[in-house]
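**Student:** Shown below is the structure under consideration.
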Amino acid sequence: MNSSNQPSSPTTRPAVAKMPQLHEAGDWKSLGLSFLLHVLLVTILLLLITTQRTPSGNEPDRVAGIVLTNPDSRDQKFLDETDLIVQEKQTPASAASLAEAALDAPELSLPVPDRANLNGPAIDPTQLDANAMAIVPNTGKPESQGLSKEHLDLIEADRKLIESRRPKGPPASISVFGSGQLSGQSFLFLLDRSKSMGGGGLGVIQAARTELSNAINQLEPYHQFQVLGYHSQTFPMLEKNLIPASDANKDSVPEFIGNLSAFGSTNHLNAVLIALAYKPDVIVLLTDGGLPELNEGQLKRIQRASNQAEIHCIQFGRGARQDEVNFMTLMAGQNRGTFRYVDVGQWEKDK
C-alpha cells in the first residue's frame, strides 16, 4: 500500500487543535501583569505628589505678612518683611552694644593745664558779663560776635535767675503754734480751709490769721514764702510761686487768710503735692486731719516728690489727742519734719 494514501497520524491533529487555547491563557496573564503595573505606577505617583506638598526643612523662604487690626475699627494695615527690616534698623542700640562701643573707642588725649595758673584766684561765674562768656574756639579770647544778641540775653537772664536763687543771707528761724524752731530760706504754709476748720467748727482759720502773720513778719526781704488755702481745691496768695518777704507781701497775709471762707471737703494729697511743686525749704501743714486720710501709697508718692523739703504737721482738735499714729505723724517722719497736736479747747480756757 502506498504510504501517501494513508490518513494522517491521529497524534499530530490534537496538538494542532490545542495551540489556540495556550495563546488565550497567556493573554490573560499579560493583562493581569499590566493591571498590576499600572496600579503600582499610580501609587508611586500619588506618593510623590504627597511628598512635594509636605513642608520640609529645605523649603525656600517666603515673604510673610503681618496684619494689625484695630478692634474698634475695620481698618487694617499690612506690613511685609521690608517694613520689619526698616523697623529693626531704627531700633536704638542696646546698653550692652553701647558699652562695647565705648570700650573699643580710642583714648582721647586731653591737654595738660598750665600749672602756672593753677594757683590763681578763683573765678566767680556770677560776676562774669554775658559778653565775656562767648569764647572763640581754639583762641581762648572773649568775642561777643560769636553769639547773637538773643543768645547773650538768654545767658544773662539765666545768670540773673541763678543769682536770684542764691541765699542772700542766713536762714530764718520761726515758730508756728508752738511748733519749735523751723529753719530755712523759703517757707510755705498750707492751711486747711474745710468746713470743720472755720468759725462753726474749730475756729483755726482766724487763729492762723494772727499766728502766720507774726511768723512771716520775722522773715527778711531776701527770704521767700507762700500761703496756700485748700479744701477740695488749692488757692495761693498773690502769685503762683514763692514770693519775697517784702513789707508789701507781708501786709497781704492777714487779708488773704481773713477772707478764706471755710466750706467743702478736704483733699490733702492734692494740696501737699501742689505745695511741693513750689520747692520750698519748709512746708507747714495746718489741718484737723479730716477724712479722707492719706494711705500708704499716697504717703510714698509724697515722699518721692519731696525734693528734700521738710514737712511739718500741726494737727488741731478739741480735747485730748485720740491717736498716737496717723497719716500726719507718718508724713512728718518720712520727710524730715515734726508733728504737733494743738487742743483748741485751751484757747477757750485762756480767754
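The values are calculated or read from the model by the stated rules, or taken from the named source; none is laboratory data. Not measured: the values here are computed from a predicted model. In this analysis, Cβ positions are derived from the backbone assuming ideal geometry, glycine residues included, and neighbour counts consider all displayed protein chains. The accessibility values were calculated without ligands, DNA or RNA, using every heavy atom of the protein model including side chains. Shrake-Rupley method; radii C 1.70, N 1.55, O 1.52, S 1.80 Å.
**Student:** Ignoring ligands, DNA and RNA, what percent of the 1.4 Å accessible area of the stretch 234-351 is carbon and sulfur?
**Tutor:** Ligands and nucleic acids excluded, carbon and sulfur reach 48 percent.
**Student:** Taking 7 Å along the Cα-to-C-beta vector as the label spot, tell me the Asn241-Ser34 distance in nanometres, rounded to one decimal.
**Tutor:** Modelled inter-label distance: 10.8 nm.
**Student:** Using 31 Å as the Cα-Cα cut-off, could you pick out the over-long pairs in Lys168/Lys349; Lys300/Lys349; Lys160/Lys250; Lys168/Lys300; Lys195/Lys300?
**Tutor:** Lys168/Lys349; Lys300/Lys349; Lys168/Lys300
**Student:** Which chymotrypsin sites (Phe, Trp or Tyr not before Pro) from the stretch 178-260 combine a DSSP loop assignment with at most 16 other Cβ atoms within 10 Å?
**Tutor:** Tyr222
**Student:** Still on this structure: Extending each Cα 7 Å along its Cβ direction at Tyr222 and Arg304, get the distance between those two points in nm, one decimal.
**Tutor:** Modelled inter-label distance: 3.7 nm.
**Student:** Just report the Cα centroid separation between the stretch 191-210 and the stretch 249-310, whole Å.
**Tutor:** The distance from the Cα centre of the stretch 191-210 to that of the stretch 249-310 comes to 15 Å.
**Student:** Right, next: Rounded to the nearest 20 debye, what is the charge dipole size of the stretch 202-351 about its Cα centre when +1 sits on each Lys and Arg Cβ and -1 on each Asp and Glu Cβ?
**Tutor:** 300 debye
**Student:** In vacuo Debye scattering of the stretch 277-318, one point per C-alpha: log10 I(q)/I(0) at q = 0.16 Å⁻¹?
**Tutor:** -0.49
**Student:** Take the Cα radius of gyration of the stretch 245-351 and divide it by 2.2 N^0.38 Å, with N its residue count; two decimals is plenty.
**Tutor:** Computed over Cα atoms of the stretch 245-351, the ratio equals 1.17.
**Student:** Stretch Lys195-Arg318 to full length: gain in nm at 0.36 nm per residue minus the Cα-Cα span?
**Tutor:** The Lys195-Arg318 span can extend by a further 42.8 nm.
**Student:** Further question: What's the FRET efficiency of Asn295 with Lys149 using the Cβ-Cβ distance as r and R₀ = 45 Å, to the nearest 0.05?
**Tutor:** In this case the efficiency is close to 0.25.
**Student:** Follow-up question, since we're still on this one. Might you work out the accessible area of Glu324 for me, using a 1.4 Å probe with all protein chains in place, and round it to the nearest 10 Å²?
**Tutor:** 140 Å²
**Student:** Nearest 0.05, what FRET efficiency do Lys160 and Phe263 give at R0 = 25 Å with Cβ-Cβ as r?
**Tutor:** Efficiency, rounded to the nearest 0.05: 0.05.
**Student:** Follow-up question, since we're still on this one. So for the stretch 187-280: antiparallel DSSP bridges make up what percent, rounded to the nearest 5?
**Tutor:** 45 percent
**Student:** Express in nm, to one decimal, how much length is gained between Ser252 and Val325 on full extension, taking 0.36 nm for each residue of separation and deducting their alpha carbon distance.
**Tutor:** Result: 22.7 nm gained on full extension.
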